[in-house]
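The values are calculated or read from the model by the stated rules, or taken from the named source; none is laboratory data. These numbers come from a predicted model, not from an experiment. Cβ placement follows ideal geometry from the backbone for every residue including glycine, while neighbour counts extend to all protein chains displayed. Quick note on the areas: whole protein, heavy atoms, side chains included, nothing else; ligands and nucleic acids left out. Shrake-Rupley method; radii C 1.70, N 1.55, O 1.52, S 1.80 Å.
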Amino acid sequence: MDEKTLVCCICGEELAPEDAYEFEGKIYCLDCLEDETVVCEECGERVRIDEAVTDADNALCRDCFNESYYYCEDCGCIIHSDNAYYLDSDEYEEYPYCYSCYMKLKKDRGIHDYSYKPDPIFYGGGKMVIGVELEVDSGGYDDYNAKEVLEIANKNGEDRLYIKSDGSLNNGFELVSHPMTLSYHKNEMPWEQIMKKLIHMGYKSHQAGTCGLHCHVSRAALGDCYEKQEEATARILYFVEHHWDEILKFSRRTAEQMDRWAARYGNKGKPKKLYDDIKKGYCSRYRAVNILNYSTIEFRMFRGTLKYNAFIATLQFVNEICNVAVSLSDEEMEALTWE
């Protein structure tokens, strides 16, 4: 053997000097070097494979991994700390996820973040649709409980209900329906079963003192153009302001709860003037009728309930207020009595 010929310490192949690679004092051919070692993507140092942290796409020395990287809790891939995602429920708290697993878990989980807002799906085939937000408390911020409720609501592959966290609650969550006609709420949506399940799991709504029942009505249901929608909204606000004492009783809330979560505007005058004054004044979403949303108006004055009859009566009341506001003129609305 020529004195310049070198031998790979792994496979024994004779190597010319230009084909030999030294690592930790030993000679390797290129194939064996790549089989036995990797180069850290972070610092560029070559390390033995059994001392490195690797997955299908990444190779890192142990020091760099410990300093800046995690394993995805779901699929096990390596992720940089800047690209780690976290879910905000007790079940997943503090665990890092890659984006793909995060999105999958976010979709499949029971309780979504408060900011979660999927594209609306309309049920019932009518223009007058109501989206419900029902808050429940005292039974646990529990992903498993939420999934049990969703199994009832979304059976047969339907996507009718989702559940979100809500910072105003102590130990519960918020049920949010997609927009549905009153008929669909009554005849197709299994609200009675949902409420029985929630009660069985220890949740409260009316008794909790922290919970509301909010109803979103599509602005498109109030008229076929912007001007008609505004006129109907003005009549809705007029009705609520002029029948406040009766609505307070119907809402099942106390005056103090109303002032905190669903205050009246306190404006007077005919529908158009009342509405114009409200829009010029201080607007907040914590009003009996929240007009700040782009595509809906929100009735916020009702106390939460897990009594099915009270729940349906609330939806009927909202539906009727809107029908009256659409069908009557300003003068007819002014002449309308509570009775």
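Structure summary
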quantity	calculated
First in the range 310-330 and under 20 Å from ASN187 (Cα atoms), second anywhere and assigned to a loop (DSSP other than H, G, I, E, B) and open to solvent by 40 Å² or more (accessible area, probe 1.4 Å), Cβ under 9 Å, 6 or more apart	ALA310/HIS206; ALA310/ARG252; THR314/ARG252
Hits in the range 287-323 (condition: touching a Phe, Trp or Tyr at 6+ places or on another chain (Cβ under 7 Å) and under 20 Å from LYS228 (Cα atoms))	VAL289, VAL318, ILE321
Every pair of residues 6+ apart whose Cβ atoms lie under 6 Å, when the first sits in the range 17-29 and is part of a loop (DSSP other than H, G, I, E, B) while the second is open to solvent by less than 70 Å² (accessible area, probe 1.4 Å) and of a type outside the set (D, E, K, R)	ALA20/LEU6; ALA20/ILE27; CYS29/CYS8; CYS29/LEU15
Scope the range 307-334; condition assigned to a helix (DSSP H, G or I), of a type outside the set (A, V, I, L, M, F, W, C) and more than 17 Å from GLU135 (Cβ to Cβ); matching residues	ASN309, GLN316, ASN319, GLU320, ASN323, SER327, ASP330, GLU331, GLU332, GLU334
Number of positions in the range 170-213 that are within 20 Å of ASN154 (Cα to Cα) and either modelled with pLDDT under 95 or open to solvent by 50 Å² or more (accessible area, probe 1.4 Å) (or both)	10
Which numbered condition LYS106 misses (of (1) open to solvent by 40 Å² or more (accessible area, probe 1.4 Å); (2) under 30 Å from TYR144 (Cα atoms); (3) of a type in the set (D, E, K, R))	(1)
Pairs with Cβ under 7 Å, 6+ apart, first in the range 32-56 and touching a residue at least 24 places away in the same chain (Cβ under 8 Å), second surrounded by 13 or more Cβ atoms within 10 Å (Cβ to Cβ) and in a loop (DSSP other than H, G, I, E, B)	CYS32/CYS8; CYS32/ILE10; GLU36/ILE10
Residue within the range 323-330 that is among the β-branched types (Val, Ile, Thr), open to solvent by 40 Å² or more (accessible area, probe 1.4 Å) and closer than 29 Å to LEU198 by Cα present	no
Flag for GLU148 being surrounded by fewer than 19 Cβ atoms within 10 Å (Cβ to Cβ), in a helix (DSSP H, G or I), over 19 Å from the mean Cα position of the chain (by Cα) and touching a residue at least 24 places away in the same chain (Cβ under 8 Å)	no
Yes/no for LYS155 being in contact with a Phe, Trp or Tyr (Cβ under 7 Å, 6 or more places away or on another chain) and surrounded by fewer than 20 Cβ atoms within 10 Å (Cβ to Cβ)	no
Options GLY167, GLY124, GLY131: the member that is within 29 Å of ILE297 (Cβ to Cβ), of a type in the set (Gly, Ala, Ser) and loosely packed, with under 14 Cβ neighbours inside 10 Å	GLY167
Residue match in the range 291-304 (condition: in a loop (DSSP other than H, G, I, E, B), under 25 Å from GLY126 (Cβ atoms), in contact with a strand residue (DSSP E or B) (Cβ under 6 Å, 6 or more places away or on another chain) and at pLDDT 95 or above)	yes
Residue list for the range 48-70, filter: under 36 Å from the mean Cα position of the chain (by Cα) and in a helix (DSSP H, G or I)	CYS64, PHE65, ASN66, GLU67, SER68
Residue among GLU24, GLU36 that is surrounded by 15 or more Cβ atoms within 10 Å (Cβ to Cβ) and among the acidic types (Asp, Glu)	GLU36
Filtered residues of the range 218-232 (kept if of a type outside the set (Asp, Glu), part of a helix (DSSP H, G or I) and open to solvent by 20 Å² or more (accessible area, probe 1.4 Å))	ARG219, ALA220, TYR226, LYS228, GLN229
Every residue from the range 72-102 that is among the aliphatic types (A, V, I, L, M), over 17 Å from SER165 (Cα atoms) and either modelled with pLDDT under 95 or surrounded by fewer than 18 Cβ atoms within 10 Å (Cβ to Cβ) (or both)	ALA84
Contacts under 7 angstrom Cβ, first residue in the range 243-272 being closer than 22 Å to ALA335 by Cβ, partner aromatic (Phe, Trp, Tyr), 6 or more apart	HIS243/TRP338; GLU246/TRP338; PHE250/PHE317; ARG264/TRP244; PRO271/TYR238
